[in-house]
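Contents: one structure, followed by commentary.
What follows is calculated from the coordinates using simple rules that are stated; it is not laboratory data. Please read these numbers as outputs of a predicted model, since none were measured by experiment. We place every Cβ from the backbone using ideal geometry, glycine too, and count neighbours over all the protein chains shown.
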Amino acid sequence: MNDNYTGGNLKKDYLWNTIGTSVNSFLSLLLLIVVTRLNGIDAAGLFSFSFAFALVFFTIGLYGGRIYQVSDVRNEFSSRNYIVLKFVTSAIMLITAAATILINHYDANKGGLMLLLVLYKVSEVIADALYGVIQKNNKLYLAGISLTLKGAVGFAAFLVIDLITKNLLLSGASLLFVNLLFMISYDRINVKRLERVTVRLDRIREDAADSLRLMKKCIYIFLFSFLTTAMANIPRFFIDIYHESDQGYFGILIMPATLIALLVTFIIQPGIVPLSELHKNRQYDRFKKTVGKLTFLSLALGVAAIPVAYLIGGPVLTLIYGVDLTPYRLELAKVVFGGTLNVVAMIYSNALVIIRKQFIQLVIYLISLTTITAMCVLLVNPYGISGGIWSYIIANTVQGALFIATYHVILNRIQSPH
């Protein structure tokens, strides 16, 4: 692997990773706009709920994600190990999603859309492993270009098919088709140019053993990634139970929090390898300074966005979606506040992943999950959308406080000569 990561490629990596992640982040927003305007608010509720369902199971497929892969600076596992693991976890992701759909007795239309979007996320799981190979070879910008092209072409295909058919299943299938097309014709070729990665049938037993070993290494990262995604979407499931007719409105209102969480990855992701090197070289003063800068930037953006959401969020969303959202301006401001708290937790969580402190994160996420579930039980049925948003804020406040305190305690112990 080229050691000149902080050279010329870094600016290009930041630029294209920012563009690609932004396009990918805004895709779900744009798709929801299309569905709301073309198919109606009830269909928007179905789509947003199905997309959220797919995101929860997406974390099973990612199983630790790219962070562990690109921060594996000692090459404990090969690129083949990471790719094989994603095929294994994708199979688990599909099976568990299908079982959940059957257990909940969703009708054919709802269950079919949910499963289709899970398949779409499976394609993203495999691509993410390929992006990890690309990033470790200091070519993150190629992943950014891929995300940009997939997002733009996928949106265009979805829009055209939904305009013609008004059928969410056919429109959703276009997203899967576009992802597969780019993965085969672009991502795979880029990986092939950078590194020789072969998955052979005669090594299936060795690969299975390596995958199991890697799964054990990533178990904590997977668990708290799954828990935090489930935590973010638990209010949706309670809304679906108690106020299903409000699902479309809730899906639109909660979207800013989802976007904030997705967009922050373009701030964090390019810094993972440099932060890992700082940890490896025990340069903890610079490590803390970098984490502090990331936190300050995220908080500044969040604080600036809150009054904007309150003052013009409702009218702007009404104009965009074609449904009246002006009565929800306070809810929008609260969603942005909660999303900002979530971003802070994400930054400190990634820092703890890099210094390989996993178990304590699992405890924090379990506490947070318990908190939001309890709040939803108490607040969603009587207060509907507002109750779901307050549950989200309270849980993120608890989670952020725990992460900040844990990070500082652990880093101080590491730095202490005793």
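Structural remarks
- Extension gain for the segment R282 to R203, taken as residue separation times 0.36 nm less the Cα-Cα distance, is 24.7 nm to one decimal.
- Phi-derived couplings, Karplus 6.51 cos²θ - 1.76 cosθ + 1.60 at θ = phi - 60°, listed residue by residue for region 42-57: 5, 5, 5, x, 4, 5, 5, 5, 5, 5, 5, 4, 5, 5, 4, 6 Hz, with x used for Gly and Pro.
- Here the spin labels are modelled as points 7 Å beyond Cα on the Cα-Cβ line, and at E195 and L102 they lie 3.7 nm apart.
- Mean projected area of the Cα convex hull of region 21-134, taken over all directions, amounts to 7.6 nm².
- Cα-only Debye scattering, region 136-176: base-10 log of I(q)/I(0) at q = 0.14, 0.32 Å⁻¹: -0.40, -0.97
- Residue-averaged 222 nm ellipticity for the chain, from DSSP H runs of 4+ at -39500 (n - 2.57), nearest 500: -29000 deg cm²/dmol
- Positive-pole candidate from L223, V409, L117, dipole of the chain, charges at beta carbon: V409
- Converting phi to 3J(HN,Hα) with the Karplus coefficients 6.51, -1.76 and 1.60 and the offset θ = phi - 60°, region 88-99 yields 5, 5, 5, 5, 4, 4, 5, 5, 5, 5, 4, 5 Hz in sequence order, with x at every glycine or proline.
- With kT/(6 pi eta Rh) evaluated at 4 °C and eta = 1.567 mPa s, and Rh the Kirkwood radius from Cα pairs, region 277-395 diffuses with a coefficient of 79 µm²/s according to Stokes-Einstein.
- Trypsin sites (Lys or Arg not before Pro) restricted to DSSP loop in region 11-99 with at most 13 other C-beta within 10 Å: R74
- Spin-label zone in region 66-89 - amide nitrogen under 14 Å from a point set 7 Å from the Cα of K217 along the C-beta vector: 66-86
- Pairwise label distance in nanometres, A405 with L366, each label 7 Å out on the Cα-Cβ vector: 1.7 nm
- Proxy reagent accessibility, fewest Cβ within 10 Å first, across D246, D285: D285, D246
- Per residue Cα convex hull volume in Å³ - calculated over region 95-229: 152 Å³
- Think of each Lys and Arg Cβ as +1 and each Asp and Glu Cβ as -1; about the Cα centre, that makes the dipole of the chain roughly 1440 debye.
- Within the same chain, lysines fewer than 8 places from K289 are excluded, and of the rest, those with a Cα less than 21 Å from its Cα are K11, K280, K357.
- Annotation: average projected area of the chain is 20.0 square nanometres, based on the convex hull of Cα atoms across all directions.
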